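What follows is a short report on a single structure.
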Amino acid sequence: MKELLWVAFMWFHLTATIIWLGGIIFILLVAIPAAKQMLRGEAGGLMGEVTRRFTPMANLSILFLILSGIFLMAINGNISGEVLKGGHGTAMLLKLLLFMLMAGVHFFRGKVLAPRIAKTQSDGEKSRLQKLSLNLVWLNLGSGLVVLLLSAFVATR
């Protein structure tokens, strides 16, 4: 039974990772360049709609990552401080910290930065805030890739 639970929660964990990180990759490497090339000045409208549709999936992914991560640690008996000892523990701690950074960036962009961009009248200020938002998405992509690397290291335990 323990193995079946582990497989189910690992599947949820991996699926949530694929949705969130895959969505970031798609947006940065496919949707934004295509929108800029095809729509030029109207690209912002399309990307706003893409973001509006992707955000709920990203939010659910974050929730599933938190819940499945807790359950996986509990199933493996790693809920105590023991999980944070040694090299694997350091990797796990870094993984958790990067995940928290990513979630914080995601919610900052959606709850603080996006409304600020929408309210800004000055083209220069709007452009600066949009560039900041895009840079934060790149930060999340880089952090997510490091989390994947750390996950592979932790899995060798």
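The values are calculated or read from the model by the stated rules, or taken from the named source; none is laboratory data. In this text the structure is predicted, and so the values were computed from the model without any measurement. Note that we place each Cβ from the backbone using ideal geometry, even for glycine, and neighbour counts take in every protein chain shown.
Taking the range 1-60 only, how many residues are β-branched (Val, Ile, Thr) and at positive phi?
Selection size over the range 1-60: 0.
Could you list all residues from the range 121-135 that are crowded, with 16+ Cβ neighbours inside 10 Å and hydrophobic (A, V, I, L, M, F, W, C)?
Answer for the range 121-135, where residues must be crowded, with 16+ Cβ neighbours inside 10 Å and hydrophobic (A, V, I, L, M, F, W, C): just 129.
Does at least one position in the range 97-109 carry a residue that is of a type in the set (Val, Ile, Thr) and surrounded by fewer than 16 Cβ atoms within 10 Å (Cβ to Cβ)?
Taking every residue of the range 97-109 in turn, none turns out to be of a type in the set (Val, Ile, Thr) and surrounded by fewer than 16 Cβ atoms within 10 Å (Cβ to Cβ).
Looking for whichever is surrounded by 14 or more Cβ atoms within 10 Å (Cβ to Cβ) and within 21 Å of residue 108 (Cβ to Cβ) here; the options are 21, 72, 67. Which one fits?
On the way: 72 fails: within 21 Å of residue 108 (Cβ to Cβ); 67 fails: within 21 Å of residue 108 (Cβ to Cβ).
On inspection, the qualifying residue turns out to be 21.
Would you mention how many residues in the range 45-69 are over 20 Å from residue 134 (Cβ atoms) and modelled with pLDDT under 90?
Number of matching residues: 0.
For residue 154, state whether it is more than 18 Å from residue 59 (Cα to Cα), of a type in the set (Val, Ile, Thr), buried (at least 16 other Cβ atoms within 10 Å of the Cβ) and touching a residue at least 60 places away in the same chain (Cβ under 8 Å).
yes
Looking at the range 110-120 only, could you name the residues that are surrounded by 12 or more Cβ atoms within 10 Å (Cβ to Cβ) and free of Cβ contacts under 8 Å to residues at least 24 places away in the same chain?
113, 116, 117, 120
With a cut-off of at least 2 residues that are free of Cβ contacts under 8 Å to residues at least 60 places away in the same chain and basic (Lys, Arg), name the helices (runs of 4 or more DSSP H) lying wholly within the range 1-87. Let's see the steps before the verdict.
Details: elements: 2-26, 32-39, 43-75.
Per the criteria, 43-75.
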